[in-house]
Amino acid sequence: MDSPLINVMIKAAKKASRGLRRDFNELENLQVMTKGPANFVTAADIRTQNTIYDELSYAKPDWSFIMEESKPIRGSNPNSKFIIDPIDGTTNFMHGNPNFAISIAAEIDNKLEAALIYSPITDEMFIAERGKGAFLNDKRIRVASRKKLSESILITGIPHLGRGDIDLFLREMKILIPEVAGIRRSGSAALDLAWVAAGRYDAFWERGLASWDIAAGILMIKEAGGYVQGINGKDSDMWDGNIISGNEDILNTLIEKLEV
Ligand code: IPD
Ligand code: CA
């Protein structure tokens, strides 16, 4: 049985996704602004965020909000917060690539309680609640059990214009490419984590992410039986933004091989 909290999150994401699907089918009319080198925001990001915010703040008027497209909003209850990415994968979205998602996490007293990652075009709804497991469209999901790197598909981010450490990335690729079944780059960190949780990929790592990219995904992976940890010996902290995650065996192998 889903809790009232996750039900409110599902309602907000479903409502916001109707406008998103409409925008996706009319991309030629999309207004695009840029926040920095290769960092875009569309009118659709803002509209989606507003709809989600309206729904969630109506249900939880005292909660705080951390959202990609605005400054943090501090509610009268600073210990309960939603962490929201209205479109994770904005560049994909702008290019007519359906691999993007709404990501919503709920944190209470510094613990992730509920997570939602919704892909509006494929209608895949990933949800998780602390201690209750992770689900894709109501079916329980688990991380993959593959133990060998040679059978594994890894997913990561690739540095691009103004983002990331190109030399480090190339060093890591040189080590991994000869040893794995495949390496992918999807353009949505939230979906990458959801897909690791569902066992479609075996592990994910990326640096320089924001809390809204990964908060929901972190709980999703843990509730699917996987592990998440920070890069550079840090904890699996969403505020750090450098994470590596996956099933236990592949994660441990990767930690030995990468500069983490
Ligand atoms: C981006 C995606 C992408 C990751 C970038 C993020 P956005 O989020 O998650 O996969 O590589 O670092 O910024 O900008 O599309 O919300
Ligand atoms: Ca994002």
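Classified by the C-alpha gyration tensor, the range 4-140 has an oblate form. Its axis ratio a/c, with a ≥ b ≥ c, is 1.5 or above, and a/b does not exceed b/c. Over the chain, the alpha carbon radius of gyration divided by the compact-protein estimate 2.2 N^0.38 Å works out to 0.96. Over the Cα atoms of the range 149-258, the radius of gyration divided by the Kirkwood radius equals 0.92; this is the Rg/Rh ratio.
Residues in the range 4-140 average 48 Å² of solvent-accessible surface per residue, probe 1.4 Å, ligands and nucleic acids excluded.
Estimated from the Cβ-Cβ distance and a Förster radius of 41 angstrom, the FRET efficiency linking I158 and K14 is about 0.85.
P(r) tail for the range 186-238: Cα pairs beyond 17 Å make up 25% of the total. Taking packing as the residue-averaged number of other Cβ atoms within 10 angstrom, the listed peptides 175-184, 105-114 run from highest to lowest as 105-114, 175-184.
Enumerate the helices in the chain for which the Kyte-Doolittle hydropathy averages 1.0 or more and the C-alpha atoms extend at least 30 Å along the helix's axis, using complete DSSP H runs. Both cut-offs are met by no helix. Extension gain for A43 to D240 (0.36 nm times residue separation, less C-alpha to C-alpha distance): 68.1 nm. What you get for the range 30-93, charging only the Cβ of Lys and Arg (+1) and of Asp and Glu (-1), is a dipole of about 200 debye around the Cα centre. Across the chain, C-alpha contacts under 8 Å between residues 6 or more apart give a mean separation that, scaled by the residue count, equals a relative contact order of 16 percent.
Checking the Cα-Cα distances for K11/K35; K71/K139; K111/K147; K81/K139; K147/K222; K15/K111 against a 24 Å cut-off, the pairs over it are K11/K35; K71/K139; K111/K147; K81/K139; K15/K111. Expressed to the nearest 5 percent, the antiparallel share of DSSP beta bridges inside the chain is 80 percent. Measuring between their Cα centroids, the range 65-88 and the range 246-260 lie 31 Å from each other. Within the listed set L136, L168, L154, the residue fluctuating most in the Gaussian network model of the chain (springs between alpha-carbon atoms under 10 angstrom) is L168. Could you give the length gained on full extension between Y58 and H95, defined as 0.36 nm per residue of separation minus the Cα-Cα distance, in nm? Residue separation times 0.36 nm, minus the Cα-Cα distance, leaves 10.0 nm.
Descending by average beta-carbon neighbour count within 10 Å, the peptides 9-21, 84-96 line up as 84-96, 9-21, the highest first. The charge dipole of the range 4-140, taken about its Cα centre with unit charges on the Cβ atoms of Lys, Arg (+1), Asp and Glu (-1) only, comes to about 280 debye.
Please compute the modelled spin-label separation between E179 and D165, points set 7 Å along Cα→Cβ, answer in nm with one decimal. Distance between the two pseudo-spin positions: 1.8 nm.
Could you look at the chain and say what percent of its accessible area is carbon and sulfur, using a 1.4 Å probe and all protein chains? That share works out to 49 percent.
The values are calculated or read from the model by the stated rules, or taken from the named source; none is laboratory data. This structure is a prediction, so every number in the text was calculated from the model and none was measured. Cβ sites come from the backbone with ideal geometry, for glycine too, and all protein chains shown count toward neighbours. All accessible areas refer to the heavy atoms of the entire protein, side chains included, with ligands and DNA or RNA removed. Shrake-Rupley method; radii C 1.70, N 1.55, O 1.52, S 1.80 Å.
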